[in-house]
Every structure is written in structure tokens, then in C-alpha cells.
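What follows is a short report on a single structure.
What follows draws every value from the coordinates through simple rules; no lab data is involved. The structure displayed is predicted, hence computed values, not measured ones. FYI the Cβ positions are ideal-geometry reconstructions off the backbone, even for glycines, and counts take in every protein chain you see.
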Amino acid sequence: MKMLRFGLLVLVVALFTAGCARNVKPVAPAASTAPAPAAATTQAAPPPTAPQVSPLDDPNSPLANRTVYFDFDKSDIKPEFLDTLTAHAKYLVANPTQKIRIEGYTDERGTVEYNIALGDRRAQAVRRFMLFQGVSADQITTVSYGESLPADPGHDETAWAKNRRAIIVYIR
Amino acid sequence: MTMLRNSVFLTIAVVLLLLPIAGPHATLEIEITSGVNTASPIAVVPFRYDGVGQPTTDVADVIGSDLTRSGRFKALGVKDMLEKPTEASAVNFNNWQVLKINDLVIGRVKQVGGGYSVEYQVFNVYTHQQIMGYSVATSAARLRYTAHFISDTIYQKLTGQRGAFTTRIAYVEISGHEHYALIVADSDGYNAQPVFESATQPILSPAWSPDGHQIAYVSFENTMPAVYLQDIYSGKRELLSRREGINGAPVFSPDGKSLAMTLSSSPGNPDIYVMDLATKQLRRITTSDAIDTEPTWSPDGQSLYFTSDRGGTPQIYKVSAKGGEPQRVTFDGSYNADAQVSPDGRSLAMVHRDSGNLYVSVMDLASGTLTTLTNGGLDKSPSFAPNGSMIIYAATYHDQGVLEEVSVDGQVHERLSERQNGVDVHAPVWGPFLTSGQ
């Protein structure tokens, strides 16, 4: 029952983001045109085959944002991260040999192994979103570190908010 | 006769039980943060040394510290003693009665060949009677262990409960937030020695085998969690599980033949499994699609307690070790997790969360009453001493990960912290008794 409800939620989210996807479209061209001026100003650069900077290396690409944050004890993806995840999903669909690892993390306000399970749930939420967007299952692995390897080692809400996260790591 | 038998027993026990690893690691500093007024006053007079040079350990000091650390005794400071006898004939009991001391310990360390002979006697200050008198043969390297052993015998004689001063603890040390080491140390934090180290990847959830020879733990080397089994004497290491998803929360069955752990039965669905350590065959115990994790065995090996959020929030459940329908055990509050069964099987220690703060609590299984023992707010990973008297757990103090201990009645609190800055300690687990009971 819980699974079903979650499935429906993801489906709704997927439809919603599919609708938005058109607005996001300009992203890819913008990224691919970015290197052009750089190549033009660099005289020493070797001839015509201007190096294609991967959007993965472009700090202005939406793909540069690889972290999504979660509410305390929660593993549902908040609306403000849907654009980011959609951009990653589109890139992965367009580059089916590209593999990613989704890492799930928690803050420290729980037991160690329960936090591993909660971090896993967060990683799985991102993974399921990707699968609904058409990313192939064999492009994705997941791992949960729970409360280990905090982004911020502090012990207050500012730190905890930074630590409740999932990170997309491109395997290159 | 009794004395002779005990002397032989003590000698054998001391020989068997030292980690053959050289060089101590960082040392935890122990501090009693709150004591109890009902602690029985005891005096441990500095032992006389008959030999050349100095003995490797101040035996009387270790015994006094051990007994005080138990919360059942309060050792008199040496500077407050009116006399320092080292022979029974020199004791003036009036000098101890005026100080309201109940029991007096005196002794001698004698150099014998390459080792030592430690003699000690315990007297009741009011009846003047000798309660104990033993001689223990030991070596320089084992002298501190021998002092703990003497503490065990005194504690047992005076309280009726077995002492746990010769036991060890394991924990995870993190330096600079990224260098992980699995450490084994004496229960007072001394003789800390690394068993396994990882430069950047976490080590979690150590668990002792019932014979104290092996530790199972989770290591994330190669960015994948895996459950390993390691012999702490030989260093031999065996990979037990590196399956897709979670590989976590290992814990030995009381007979040492099986390991319960958490594995993902499908992506995102952690369940409890039991592995037969001889055949490596897995048996799935739980089947819900909620989180099921943090298994722990009842002392008789018949049941497993575990954490599950199948009811909406994490709570403790109990299930037969053969599988079946779990029964919910905790109902008090919205977050109860990481249960540990007391050695007598009568209570559960667990982490209880209230308003986002974590505390170590104990639940009496017969009455269901939950009592919170700690007040740190980030207290987790509780583990019982094998005699059930104390619980060690991880806490945060001045932004540093430390270990703390609390007596099961909540009265005595102690802290073991790393002296160095930037070193955090986590995930303590108290090892078993290493010898048969007396």
C-alpha cells in the first residue's frame, strides 16, 4: 500500500516534470556553445577540432548541481530539486553509457544503522525518479553512508540541513 | 585449598589473554562526571615493591580506579590515608574506622625471576577479618591486566556480582573526519590498539564474537559497504557479505555460530538475515517492505530484537530467530531504536529520541517501563558490560565524539575522551568475559 502510494506520487512528479522539461530544454545548447569563445581567444589552442567541454565540467550547466537536500526524517524529493534531477536524467538518457552512483546521507540525529537505511531510502528516491525519467537501471548504483562523511561536521541545524542529502556522482 | 585453586586459575587466565599486537595507539582518558553517595568507601593502600627498579604498573592505583569506576565503591585518596601498611600485622584498624572506610586492601608486588608475584589481602575494617588473600604470578607485560583481574575478584567478593574490569571494548576512531580506525582497548581505555584502518572510508558497527577472539564490522572500502569478520589475534580477515544495497549491523548469536545482519532484500528494502558462519548460508528473518535493521539476539539465542518503522516510526520489535510474525515491544515515544538486550535478558537498552534529541534509555521487559539514563542529546550506540552493571555509549561533548558510561541505575556517569583534538570516537561495543566464571 505504501509502495503503491509512493509509486503514484513519483508518477505525478514525473508527469509534472515531463511538462516542465520543455522549459528546461535550452540548457543543453547553452552548455555546448559555451566553449566556443574560449577556443577563439586561445591562439595556442590546436586547430579546428575545438575541444568539446562536457556539460559535466561546465560550472554553469544545471548538471553542476549534484546535491539534493531532504527534510528531517524524510526521503521525498522536494519540488525545488526536480529541475536539477530532470536535467541529470535527460543527460543520462542521452548518454546511455554514462554511469552514476547516488549516495544517500543523513544528519546525526538517529541511530547509526537506522540512518544507513534512511540514507538508502533517500538514494532510492533519487534513483526511482531517474528510472521514471527513462534512465536505464544499469546506469545507476546506490550507496548509503548514513550519518558518516558529513558535509558539515557541526552539531546544529545549519550543519544537519547540509548533511541530509543525496549526491549524484558521475563515474568517469 | 580455595586459595590454591584460585592462584592456579588466575595464573592460567593471565597467560592466555593478551593481544599480541605491539605499540599502544592513542589513549582514552577516563573521567567520572557524576558519582553516587551510596558508594562503599574502600581504601587500596599503595602496594610495597620488593625488587629492582620500578614495577610497570601501580597496581593499587589501578585497583582503586577500577573499583571507583564501578560506582559501587569510592576509593580513598592516598594523601588522605593515616597509615600505609603493606602487611596484615601493621594494620591499625582504628586508623581506617575514623575515616569511615568499610574495606581495606593491602598488598605487595614481588619481583620473581623475569616476572612478578602479586600478593593482596582484603580486610573488613569493622570485624578486622581477612576477607580475601591471594597470590598471583604474572609478568611485567601483564601486570596491569593482573591488577584488573584482582579488581574483578575483589568486586565479586564484595558485591556478589562478577567484575568486568578485565574485559575489553572495541570502538571506531575517526581522525580529521576521514581517517577511520577500528580499535580494541582495555575497558578503562588503556592499551588501545588498531585492528583495522581505512584512510578515507567509514568503518561502522563493530560486534564481538562471544569468545572475544573475533570482531565483525562494516567497512566501506571501495565505496561499497561490506561485512567483514576479523580475528583480532591473527589479523586474518574474511569478507562475509558485499551484496547489492545495504550490508550492515552484524551481530553474533550467543553460541557464536551465526551472524544476524541487515541486507537489502530488494533495492530500498532492508531486512534482517541470519548467516550460518560455517556454511555462509543466509536465512531471511523479516519480510516487511519497511526498514528492518539493527538486530540483536536475546541471551538464549531464541529471539531477535530489531528496529522497524513498519508502524510509521522506528520502534523495537521482537521475532523468533527462526522467523515468523514480529511483535512490537516499544510504544513509548516516536523513536526507539538500536536495542541491546541486557546479559540477564530482563531489560533492553535503546536509543530513545525526544524532540530530535537522542538519549540512552532502558526498558524493563516485564513492566514495559522506559527509563532514560543519559542527557547528552546525541547519545547512541549503547552496549552493556558483560556483567550488566554499566552501559557504554557514544556521545558528543564540546563538539568531540566521546564515549560515555552510565550505570544501569543511572547514577554513575563517566566519560572516556581522546586527549588529541580532531579525534572522535564512536560505536563502542563492550566485549565478553574472557574467562569462565569463578
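So if I place +1 on the C-beta of Lys and Arg and -1 on the C-beta of Asp and Glu, and nothing else carries charge, what would the dipole magnitude of the stretch B:168-430 be about its Cα centre? I want it in debye, nearest 20. Could you put the intermediate results ahead of the total?
Numbers: 18 positive and 32 negative charges, 146 e Å.
Charge dipole, the stretch B:168-430, about its Cα centre: 700 debye, nearest 20.
If you take the beta carbon distance between residue B:131 and residue B:344 as r and set R0 to 25 Å, what does 1/(1 + (r/R0)^6) give as a FRET efficiency, to the nearest 0.05?
Values: r = 26 Å, r/R0 = 1.04.
Rounded to the nearest 0.05, the efficiency is 0.45.
Could you work out how far apart the two model spin labels at residue B:161 and residue B:61 are, taking each label as a point 7 Å from the Cα in the direction of the beta carbon, and quote it in nm?
2.8
So for the stretch B:35-159, what percent of the C-alpha to C-alpha distances run longer than 24 Å?
Here the long-distance tail beyond 24 Å is 22 percent of all Cα pairs in the stretch B:35-159.
For the stretch B:325-438, what class follows from the C-alpha gyration tensor (a ≥ b ≥ c being the square roots of its eigenvalues): rounded when a/c is under 1.5, otherwise prolate if a/b is larger than b/c, else oblate? Kindly include the intermediate steps, with their values, before the conclusion.
Details: a/c = 2.03, a/b = 1.18, b/c = 1.73.
It is oblate, given that a/c is not under 1.5 and a/b is not larger than b/c.
Rank-order B:82-91, B:403-412, A:155-164 by packing density, defined as the average count of other C-beta atoms within 10 Å over each peptide's residues, highest first. Working shown, then result.
Numbers: B:82-91: 13.6, B:403-412: 21.0, A:155-164: 16.3.
Output ranking for B:82-91, B:403-412, A:155-164: B:403-412, A:155-164, B:82-91.
Just name one of B:311, B:272, B:341: the one whose Cα is farthest towards the positive end of the charge dipole of the stretch B:168-430 (beta-carbon charges, Lys/Arg +1, Asp/Glu -1).
B:272
Starting from the 7 Å offset along Cα-to-Cβ, what nm value, one decimal, do you get for the label separation of residue A:57 and residue B:357?
Label-label distance for residue A:57 and residue B:357, simple model: 5.1 nm.
Once label points are set 7 Å from the Cα along Cα→Cβ at both residue B:100 and residue A:157, what is their separation, rounded to one decimal in nm?
Inter-label distance under the simple model: 4.8 nm.
Taking every pair of distinct Cα atoms and averaging 1/r, then inverting, what Kirkwood hydrodynamic radius in Å comes out for the protein assembly as shown? Present the calculation step by step, with values, prior to reporting the outcome.
Values: mean 1/r = 0.0374 Å⁻¹.
Here the Kirkwood hydrodynamic radius works out to 26.8 Å.
Which listed residue (B:75, B:139, B:106) has the Cα farthest towards the positive end of the charge dipole for the stretch B:35-159, taking +1 on Lys and Arg C-beta and -1 on Asp and Glu C-beta about the Cα centre?
About the Cα centre, the residue reaching furthest to the positive side is B:75.
Quick check for me: using +1 on Lys/Arg Cβ and -1 on Asp/Glu Cβ, what's the dipole size of the stretch B:35-159 about its Cα centre, in debye to the nearest 20? Can you show the working numbers first?
Numbers: 12 positive and 10 negative charges, 34 e Å.
Roughly 160 debye for the stretch B:35-159.
Please sort through the DSSP H helices of chain B and keep those with an alpha-carbon extent of at least 18 Å along the long axis and a Kyte-Doolittle average not below -1.0. Display every interim value, and only then the final one.
Values: long enough: B:2-16 (22 Å, 1.65); B:143-159 (24 Å, -0.17).
TM-like helix candidates: B:2-16, B:143-159.
For a quick check: with amide H placed at 1.01 Å from N, whose amide H comes under 5 Å from residue B:258's, ignoring anything fewer than 5 positions away on the same chain?
Those qualifying (amide H under 5 Å, at least 5 residues apart or on another chain) are B:253, B:277.
Assuming R0 = 35 Å, what is the FRET efficiency of residue B:80 and residue B:366, from their Cβ-Cβ distance, to the nearest 0.05? All intermediate terms of the calculation are to be shown ahead of the outcome.
Values: r = 43 Å, r/R0 = 1.23.
With a Förster radius of 35 Å, E is 0.20.
Determine, from the Cβ-Cβ distance of residue B:92 and residue B:37 and an R0 of 22 Å, the FRET efficiency 1/(1 + (r/R0)^6), rounded to the nearest 0.05. Before the final figure, lay out each step's value.
Numbers: r = 27 Å, r/R0 = 1.24.
The pair residue B:92/residue B:37 has a calculated efficiency of 0.20.
Multiply the residue separation of residue B:239 and residue B:222 by 0.36 nm, subtract the distance between their alpha-carbon atoms, and state the gained length in nm to one decimal. The partial results should precede the final answer.
Values: separation 17, 0.36 × 17 = 6.12 nm, distance 1.31 nm.
That pair, residue B:239 and residue B:222, stretches by 4.8 nm at full extension.
For the charge dipole of the stretch B:168-430, defined by +1 on Lys and Arg C-beta atoms and -1 on Asp and Glu C-beta atoms about the Cα centroid, which residue among B:291, B:233, B:408 has the Cα displaced farthest towards the positive pole?
B:291
Restricting to DSSP loop positions (anything but H, G, I, E, B) with no more than 12 other Cβ atoms inside 10 Å of their own Cβ, which chymotrypsin sites (Phe, Trp or Tyr not before Pro) remain in the stretch B:328-435?
Numbers: sites: B:331, B:335, B:359, B:384, B:393, B:397, B:430, B:433; in loops: B:331, B:335, B:433.
Here the chymotrypsin sites (Phe, Trp or Tyr not before Pro) that fit, given the DSSP loop and packing criteria, are B:331.
Does the stretch B:168-430 classify as rounded, prolate or oblate by the C-alpha gyration tensor (a ≥ b ≥ c root eigenvalues; a/c under 1.5 gives rounded; else a/b over b/c gives prolate, otherwise oblate)? Don't skip to the answer; put the middle values down first.
On the way: a/c = 1.43, a/b = 1.06, b/c = 1.36.
Taking the square roots of the gyration eigenvalues as a ≥ b ≥ c, the stretch B:168-430 is rounded.
Let me know the charge dipole size of the protein assembly as shown about its Cα centre in debye, to the nearest 20, where only the beta-carbon of Lys, Arg (+1) and Asp, Glu (-1) is charged. If you can, show how the numbers build up before the last one.
Details: 51 positive and 61 negative charges, 242 e Å.
Dipole magnitude for the protein assembly as shown comes out near 1160 debye.
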